[in-house]
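Engineer: Once you've had a glance at the structure underneath, I'll fire off some questions.
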Amino acid sequence: MRVASLGNGNLLVNVDEKGRIIDLYYPYVGMENQTSGEPVRMAVFSEGVTSIDDEWKVDVGYLDSTNMIEVKQNLEKMKLSLLTYYFLDNEENTLYALIKVFNGTNKKRDVKLFFINNFNLYSSPFGDTGFYDPITQSVIHYKAKRYIGVKLFSTSSFTEEYQISKGDLMYDVYDGKLDGGTIANGDVNSAVAVNLTIDAGSFSKAYFTLAFSRELEELRRILRKVNFAQVETSFTLSYMFWKNWLSKSSFKFNDDKLRKLYNISLLTVRNHMDARGSMIASSDYSFVKVYADSYQYCWPRDCAYGAYALEVSGYRDLVNRHLKFAECLPSSEGFLYHKYNPDGTLASSWHPWVMDGKPIYPIQEDETALPIWLMGAHFKNGEDIDEIEKPYKKFVKGSMKFLMDYMEEGLPRPSFDLWEERYGVHTFTVATVYGALQNGAIMARAMGDEVLAEDAIEVATSLKEVAMKKMVYNGRFIRRIDEKGEKDLIVDASMYAPYFFGMVKPDDPVMMKTIQEIEGKLNVNGGIIRYENDFYQRRKKQPNPWIITTLWVAEYYADLGKIDKAMEYINWASRKAIASGLLPEQIDPETDEPTSVTPLVWSHAEYIIAINKVMKV
């Protein structure tokens, strides 16, 4: 399981429940995992005995809720313990581990620390090279334009032992000595070791570095300057930077537990955002080995929620970064596709281009509407025309026209739903289109497009009128109108959307009854499932509650002014975070264990949004 992450826009690192580095995404956040989900293993040798990482008792968390990971590893049988801090350098694409090795005995001891690496550059094990570089006193792995430098040292010496070869090197650490192979190619592994002499009841420090570059000489430049003083300085600078960065947030509660999860949510959203503006849904690589695909993509919908969370919490500069990415995505017709790779290229999809022998757009229309809605919310918050000028001209204007043209009998034409399972006209989609046209009209008017603004308001007004007639049943909203034109009466949590995107007010009788239906039929052990009889990732008799759907109801009650009710759902979500503070997509209704990816950026985004709604009341 992934239990903590770090990111700087070019490099994203995940640590697992054993405190090991397990994912290394570079140079795009989420696109290439240079480990293919294989952990960087650790081992310790002392007094003729070797202990490896999966034997250790481990606790992983964030240091003072900053973007620095704290790992406590207890080697009970050896009477040793390790305290490790993982963090990223503020200037270079470099991961540092500052390691304190404690001697729990009453005698001086010699201890050897090992790191064993199984990199797969470009997410492939084929054609890699690893060699020992005497100039930088490090091991370097490379293939084409991917270079990783490995350095392990103490305050008194650099990498003292190393081995580079094919095959599993874990077996070579049991005798406490590495044989020193200097170069290998193919499916290459490497191991490095450093010797520490530790006084009784005291500790010694070791430093582990992974540096990343697209060029050999640039990598060597970075590695040459790495020493213990530089790592210690970087540790202090990183700590202060993240403390200051978090101080910008809008959080105003005097609740330490909520503040901790709020801060970790902010960091999770930021860590999963690429320097070029993409934002992946999750960096949890475990799904790849099960489904041969993953959540490491940019869904325009997930991105819109994530960026909106940054907007309401005070990080407008990051929202601008995402807008620059989004402005380049629309097709020539003005719509956005299912999902994208972090470099903006078209990602994998299961939406067909033909249905019943007729061509269709392979889209979820809400994914075109939501970025427009986001840009409008961003503009309303700052009223800075310069920020939206390019996104408006390159994206908003053309996509608004698409939304207005993609209509039939007053409603959006059929597309796929936000759960990516059904085709039809969905209440969630209708609400997002309404919100997009309203916010788009504000931007159009600011840019001088009065005709477009008036047309958008007219279409949005008509859309609402038709929806209130055709998409309401027995006093509440329906999930969708299906392919045959029939009303789908299954209760779905996404029916919260008309209130959230401004189509109706929270106290509208139809909205109030809709929420009552959601709570009455979708509440499982205090959380909200997606819809009746949901089978996705289901393990038990009841469906799995989701974090996002539960927080949607919290947001509704916050906007209704019922804070106590909102906090019930927020506190439920808070309790479902794993020990380190990461929020999963969904949880087992009986054990509370995550049943899908962890973390899910959207879960953290909704937590931020819900907290901000409560704070406004």
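Engineer: Cβ under 10 Å from Arg530's Cβ, Arg530 left aside: what net charge do those residues give with Lys, Arg +1 and Asp, Glu -1?
Structural biologist: Details: positive: none; negative: Glu421, Asp492, Glu532, Asp534.
Surrounding charge for Arg530 is -4.
Engineer: A further question on this structure: Residues with amide H under 5 Å of Met355's amide H, sequence separation 5 or more or different chain, H placed in the peptide plane at 1.01 Å from N; which?
Structural biologist: Under 5 Å from the amide H of Met355: Ile360.
Engineer: Give a residue-ordered list of calculated ³J(HN,Hα) values for segment 596-606 (Karplus: 6.51 cos²θ - 1.76 cosθ + 1.60, θ = phi - 60°; whole Hz; x for Gly, Pro).
Structural biologist: For segment 596-606, the Karplus curve yields 8, 5, 9, x, 10, 4, 4, 4, 5, 4, 5 Hz.
Engineer: Could you give the length gained by full extension between Lys513 and Ala200, i.e. 0.36 nm per residue of separation minus their alpha carbon distance, to one decimal place? Working shown, then result.
Structural biologist: Numbers: separation 313, 0.36 × 313 = 112.68 nm, distance 6.82 nm.
Difference between extended and current length: 105.9 nm.
Engineer: Given a Förster radius of 56 Å and the C-beta distance between Asn106 and Asn523 as r, what FRET efficiency does 1/(1 + (r/R0)^6) yield to the nearest 0.05?
Structural biologist: Numbers: r = 57 Å, r/R0 = 1.02.
So the FRET efficiency works out to roughly 0.45.
Engineer: Using R₀ = 25 Å, calculate the FRET efficiency as 1/(1 + (r/R₀)^6) where r is the Cβ-Cβ separation of Lys487 and Trp353; round to 0.05. Don't skip to the answer; put the middle values down first.
Structural biologist: Values: r = 27 Å, r/R0 = 1.09.
The calculated FRET efficiency here is 0.40.
Engineer: Taking a ≥ b ≥ c as the square roots of the Cα gyration tensor eigenvalues, with a/c under 1.5 meaning rounded and otherwise prolate when a/b beats b/c, else oblate, which class fits segment 273-379?
Structural biologist: Oblate.
Engineer: Determine ³J(HN,Hα), in whole Hz, for all residues of segment 271-276 in sequence, where each value follows from phi through the Karplus function 6.51 cos²θ - 1.76 cosθ + 1.60 and θ = phi - 60°; x replaces Gly and Pro.
Structural biologist: Coupling constants for segment 271-276: 4, 8, 9, 6, 4, 9 Hz.
Engineer: Give me the number: length gained by fully extending Ser462 to Ala275, i.e. 0.36 nm times residue separation minus the C-alpha to C-alpha distance, one decimal in nm.
Structural biologist: Details: separation 187, 0.36 × 187 = 67.32 nm, distance 4.00 nm.
Full extension of this stretch gives 63.3 nm more.
Engineer: Give the accessible surface of the chain per residue, rounded to a whole number of Å², with probe radius 1.4 Å and ligands, DNA and RNA excluded. Mind showing how you got there, number by number?
Structural biologist: Working: 23000 Å² over 617 residues.
For the chain, the solvent-accessible area averages 37 Å² per residue.
Engineer: Which cross-chain or sequence-distant (5 or more) residues have an amide H under 5 Å from the amide H of Asn10, H modelled 1.01 Å from N in plane?
Structural biologist: HN-HN under 5 Å from Asn10: Ala275.
Engineer: Oh, and also: How large is ³J(HN,Hα) for each residue in segment 305-314, as worked out from phi by the Karplus curve 6.51 cos²θ - 1.76 cosθ + 1.60 (θ = phi - 60°), to whole Hz, x for Gly and Pro?
Structural biologist: Working through the residues one at a time gives 5, x, 5, 5, 4, 5, 4, 6, 9, x Hz.
Engineer: So how far apart, in nm, are the two label points at Lys243 and Lys166 if each is 7 Å from Cα heading toward Cβ?
Structural biologist: Using points 7 Å along Cα→Cβ, the separation is 5.1 nm.
Engineer: I've got another one for you. Of Lys390/Lys505; Lys100/Lys166; Lys107/Lys225; Lys205/Lys576; Lys18/Lys260; Lys470/Lys521, which ones are farther than 26 Å apart at the Cα? If you can, show how the numbers build up before the last one.
Structural biologist: Details: Lys390/Lys505 32 Å; Lys100/Lys166 30 Å; Lys107/Lys225 35 Å; Lys205/Lys576 35 Å; Lys18/Lys260 22 Å; Lys470/Lys521 22 Å.
Exceeds cut-off: Lys390/Lys505; Lys100/Lys166; Lys107/Lys225; Lys205/Lys576.
Engineer: Give me the angle, in degrees from 0 to 90, between the Cα long axis of helix 228-246 and the longest principal axis of the Cα atoms of the chain, rounded to the nearest 10.
Structural biologist: Result, in degrees: 20.
Engineer: While we're looking at this one, here's another question. Report the gain in length on full extension from Glu217 to Asp179: 0.36 nm times residue separation, minus Cα-Cα distance, nm rounded to one decimal.
Structural biologist: 11.0 nm
Engineer: If R0 is 56 Å, what FRET efficiency do you get for Asn474 and Gln230 from their C-beta distance, rounded to 0.05?
Structural biologist: Details: r = 67 Å, r/R0 = 1.20.
Here the calculated transfer efficiency is 0.25.
Engineer: Scan around Asn189 for amide H atoms under 5 Å from its own, H built in the peptide plane at 1.01 Å from N, and keep only partners 5 or more places away or cross-chain.
Structural biologist: Ser165, Lys166, Gly167
Engineer: For the pair Ser331/Asp592, report the inter-label distance in nm, with labels modelled 7 Å from Cα in the Cβ direction.
Structural biologist: According to this spin-label approximation, the distance is 4.5 nm.
Engineer: Once a ≥ b ≥ c are taken as the square roots of the eigenvalues of the Cα gyration tensor of segment 477-617, is the result rounded (a/c under 1.5), prolate (a/b larger than b/c) or oblate (a/b not larger than b/c)?
Structural biologist: Details: a/c = 1.92, a/b = 1.13, b/c = 1.70.
Oblate, because a/c is 1.5 or more while a/b does not exceed b/c.
Engineer: With label points built 7 Å along Cα→Cβ from the Cα atoms of Glu532 and Asp386, find their separation and express it in nm.
Structural biologist: A separation of 5.5 nm, rounded to one decimal place.
The values are calculated or read from the model by the stated rules, or taken from the named source; none is laboratory data. Just so we're clear, the structure is a prediction, and the values are computed from it rather than from any experiment. Note: ideal-geometry Cβ built from the backbone for every residue, glycine included; neighbour counts use all protein chains shown. Surface accessibility is based on the protein's heavy atoms, side chains included, excluding ligands, DNA and RNA. Shrake-Rupley method; radii C 1.70, N 1.55, O 1.52, S 1.80 Å.
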